[in-house]
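Worksheet for the structure shown next.
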Amino acid sequence: MFPLKTHYISFPGLGIDEIKINSNAIEIGSFRIAWYGLIILTGIICAILYVWFRFKENQMKSDDLIDLAFFTVLSGVIGARLYYILFSLDSYIVTSKDGFFANLWASLGRMVAVWNGGLAIYGGIIAGGVAAVIVARKKKMNILKILDFLAPAVMLAQAIGRWGNFCNAEAHGTETDIFLRMGIRADGGVITRYYHPTFLYESLWNLIGFLAIWLIFVKLTKTKWLHKFNGQIFYIYIAWYGLGRFWIEGLRTDSLYLIPGVIRVSQLVALLSFIAGIALLTYSLIMLKRGKENILVKRVDAPQEKTTEEANKNGTNN
């Protein structure tokens, strides 16, 4: 649940000997900054920079990006934390103190200590996605287009953020002897066990997805035409991440359970995400072929709806 402060990690199959890691990047007296928090912050900054690049490329307002980034990131972090706490509540409830308020304060302290780990990405995606839709609607932006901007950004943030789990020696899988095996030894310990480095699997899965989407649909002129409709990249992300997370979650030893020992929450959500992503892609392609557009599918080159201000300026608001 709560990470080791100092530990040693090795990848003998890759020829990497033990690396000593302290969970805290900075320690000055009682003040400390954890690597987990710094790495998560780095992922968020890189995601915002990617969306900024897409906004600039599409001549969109920087003020809109600021609002979008603020509310999406804030909601995403809160959602990720609440999601995790909800399915592991017993680990955060303190009953050892004297008095109700002392226990309450200690419990709240554990809940806000996000630097100790404990962010569930699906909670972040759901909360952040809802916030993004609300902001986009408020700002009269194309919602599906914004989601297409955000999907690769989230993948990039996830690819980076998973290394926070590495620094906390957490989110690993079951024991294994494959060449990618990861050894974890506590400070002063003498026994090293080898596990699936599921943090690495997910980081690489998201990095591959990000690079593929960025190159095919954004960067390479010869393949940009494959981006047929707004929402396409977002739907691909849902399916891609769902597929990878379903497999990876099955290897983990710290899964959150809907039914203890039976149904893993993230594995169930991943399966539903994969099915939903494929269904939305299939539906959208069928509608596109029939020349029909709706709230779920709009051609990339479809004209944008005019804002009230633009309509009044052009005299088209009757």
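With respect to I85, is the statement that it is within 21 Å of R245 (Cβ to Cβ) and either part of a loop (DSSP other than H, G, I, E, B) or over 13 Å from the mean Cα position of the chain (by Cα) (or both) true? Yes: the conditions hold for I85.
Quick check: anything in the range 199-215 more than 23 Å from I39 (Cβ to Cβ) and touching a residue at least 24 places away in the same chain (Cβ under 8 Å)? Within the range 199-215 (the criterion being more than 23 Å from I39 (Cβ to Cβ) and touching a residue at least 24 places away in the same chain (Cβ under 8 Å)), the answer is no, since none of the residues qualifies. Among the residues of the range 36-59, are any basic (K, R) and either under 24 Å from T253 (Cα atoms) or in a strand (DSSP E or B) (or both)? Checking the range 36-59: not a single residue is basic (K, R) and either under 24 Å from T253 (Cα atoms) or in a strand (DSSP E or B) (or both). Being surrounded by fewer than 22 Cβ atoms within 10 Å (Cβ to Cβ), touching a Gly at 6+ places or on another chain (Cβ under 9 Å), of a type outside the set (F, W, Y) and outside any loop (DSSP other than H, G, I, E, B) is the filter here; which residues of the range 253-276 pass it? R264, Q267, L271, L272, I275, A276 - these are the residues of the range 253-276 that are surrounded by fewer than 22 Cβ atoms within 10 Å (Cβ to Cβ), touching a Gly at 6+ places or on another chain (Cβ under 9 Å), of a type outside the set (F, W, Y) and outside any loop (DSSP other than H, G, I, E, B).
For the range 100-205, the helices (runs of 4 or more DSSP H) that sit wholly inside it and include 2 or more residues that are surrounded by 18 or more Cβ atoms within 10 Å (Cβ to Cβ), modelled with pLDDT under 95 and under 12 Å from the mean Cα position of the chain (by Cα) are 121-138.
Checking the range 199-211 against the condition returns a match, with at least one residue being among the hydroxyl-bearing types (S, T, Y), on the phi < 0 side of the Ramachandran plot and in contact with a Gly (Cβ under 9 Å, 6 or more places away or on another chain). Which members of the range 39-73 meet the condition of being under 20 Å from the mean Cα position of the chain (by Cα) and free of Cβ contacts under 8 Å to residues at least 40 places away in the same chain? Selection gives L41, I45, L49, W52, F53, L65, I66, A69, F70.
Filtering the range 24-52 down to residues that are modelled with pLDDT under 95 and of a type in the set (F, W, Y), which residue is farthest from D177 (Cα to Cα)? Among those residues, the one meeting the criterion is F31.
A single member of N168, N206 is of a type in the set (S, T, N, Q) and more than 20 Å from S273 (Cβ to Cβ), and it is N168. Determine whether I21 is at pLDDT below 90, within 29 Å of I78 (Cβ to Cβ) and part of a strand (DSSP E or B). So I21 does not fit the description; no. Just one of (1) in contact with a strand residue (DSSP E or B) (Cβ under 8 Å, 6 or more places away or on another chain); (2) farther than 25 Å from A159 by Cβ fails for W35. It is (2).
The values are calculated or read from the model by the stated rules, or taken from the named source; none is laboratory data. From a predicted model like this one, the values you see are computed outputs, not experimental measurements. With ideal geometry, Cβ positions are generated from the backbone for all residues, glycine too; neighbour counts draw on all protein chains shown.
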